[in-house]
Amino acid sequence: MNKPVLKSIHIQNFRCFRQLDIDSLARVNLIAGKNSVGKTAALEAVFLLMGAENIELVVQVGQFRDVRELELGSVLELLWMPLFYQLDVDNKIKISAGLNRGGEQEIEFALVAADSKTLTLGNDNEQGALSQILEQKFTDSHNNQTKFEIKFVDGQLRMQPVPSNPPFPCYFLSARRSPSQEKVANLFGRLVKSKRVQDLELVNILKLVEPRLLQLDVIPSAGSSMIYGDIGLDQMLPISLMGDGMERVIGIVLSIANASGGIVLIDEVENGIHHSILSNFWQVIDKAARDFDTQVIATTHGYECIREAHKAFSASDSYDFLFHRLDRIGDRVESATYDREALEAAIKAEFEVR
């Protein structure tokens, strides 16, 4: 089994972070902290970094926070400015990571002056032109650098040059919404095509949520595909009708299985998961992450989730797990990392680790 992709992450001037350093990352990582301390922002930073040369991800990050319909006048206010610490666009965003395979990877964002003639909404109308565009510089582990721009042209956001594929697969699972049924079906289909679906033992995993489940199948429906499950009724049912827990678990494990050699980011990992299965749920994540060589970084707001994760990894052959607590100290956010012994002591002492 290979080492996980990232061994550390460093963030400057992004969202609520003037600077954040997490100096040690394991295969599976859990981040906690008080409200508005930046748990989701830390995942977003990793997501942007893993996208490497895909500046389009800044739009996806906005969609994670329900910024969907954009007009010319709101691009700067709703999409780009909130990326910068205290909305100060004069300070560049820098996100870098130490790679376990050697070297570092970094992206840098800056707002730069634009040629307004290329950004107007009409051929002769100079009013409403966007005076700034977002520039991204990506530096790979060999110190090669490429530059990208995203701008508003003819009422649409445009990128140049066309992004290439990222060096590592990366999936972001939002706390606000589950992946679409078609996307989940596609993830399942890819696993079937690669002949690795048996390695996942997905039916047995999902029996944690629905003990009656006998089998799964992908069935075309209304122009798209959906995963259906057999729970012993006269007809198979869409997974979406089996509850939020079923959708959450299948989305997580299929993402891990499809991100081999990459990363899965999970915001509020326990959403939809009943407390009674949390320990088994973490055992599933542990096994899937090791079997498919995937790194996992998740957030939580629950003490029980932290405790059950520690319990599950303590029972594992390998405790490849780290807990990170974010704390706001003045205008800074600092990370405290707990290994097995430190987390065990904190839990026994009933120390507040959320």
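Just so it is clear, none of the values below were taken in a lab; they were calculated from the coordinates. As the structure is a computational prediction, the values presented were derived from the model and not from experiment. Neighbour counts are summed over all protein chains in view; Cβ atoms, including those assigned to glycine, are modelled from backbone coordinates with ideal geometry.
Label points 7 Å out from Cα along the Cβ direction at residue 327 and residue 177: separation in nm?
With each label placed 7 Å out from Cα toward Cβ, I get 3.7 nm.
Work out, step by step, the length gained on full extension between residue 233 and residue 275: first 0.36 nm times the residue separation, then minus their alpha carbon distance; give nm to one decimal.
My answer for the length gained is 12.4 nm.
Hey, with R₀ at 22 Å, roughly what FRET efficiency would residue 100 and residue 199 work out to, going by the Cβ-Cβ distance, to 0.05?
Calculated transfer efficiency: 0.45.
Using a 7 Å offset from the Cα along the Cα-to-Cβ direction at both residue 340 and residue 219, what is the distance between the two label points in nm, to one decimal?
4.5
Given contacts defined as C-alpha pairs under 8 Å and at least six residues apart, what's the relative contact order of the chain, whole-number percent?
22
Could you name the lysines in cross-link range of residue 92, using Cα to Cα under 17 Å and dropping any fewer than eight places away on the same chain?
List returned: 137, 147.
Lysines near residue 183 by alpha-carbon distance under 26 Å, same-chain residues fewer than 8 away left out - which ones?
In chain and number order, the partners are 39, 193, 195, 207, 287.
Grab the beta carbon distance between residue 304 and residue 137, set R0 = 45 Å, and tell me the FRET efficiency rounded to 0.05. Walk me through the numbers on the way to the answer.
Values: r = 42 Å, r/R0 = 0.93.
The formula returns an efficiency of 0.60 here.
Return the single residue from 331, 291, 88 with maximal mean-square fluctuation; model: Gaussian network over the chain, springs between Cα atoms under 10 Å.
Between 331, 291, 88, it is 331 that shows the largest mean-square fluctuation.
Per DSSP helix of 4 or more residues, -39500 (n - 2.57); summed, then divided by the residues of the chain. What does that give at 222 nm, rounded to the nearest 500?
Mean residue ellipticity, 222 nm, calculated: -8000 deg cm²/dmol.
Which Rg and Dmax, in Å, describe the Cα atoms of segment 212-350?
17.7, 60
Taking 0.36 nm per residue of sequence separation and subtracting the Cα-Cα distance, how much length would be gained by fully extending the chain between residue 8 and residue 81, in nm to one decimal?
Using 0.36 nm per residue and subtracting the Cα-Cα distance, I get 23.7 nm.
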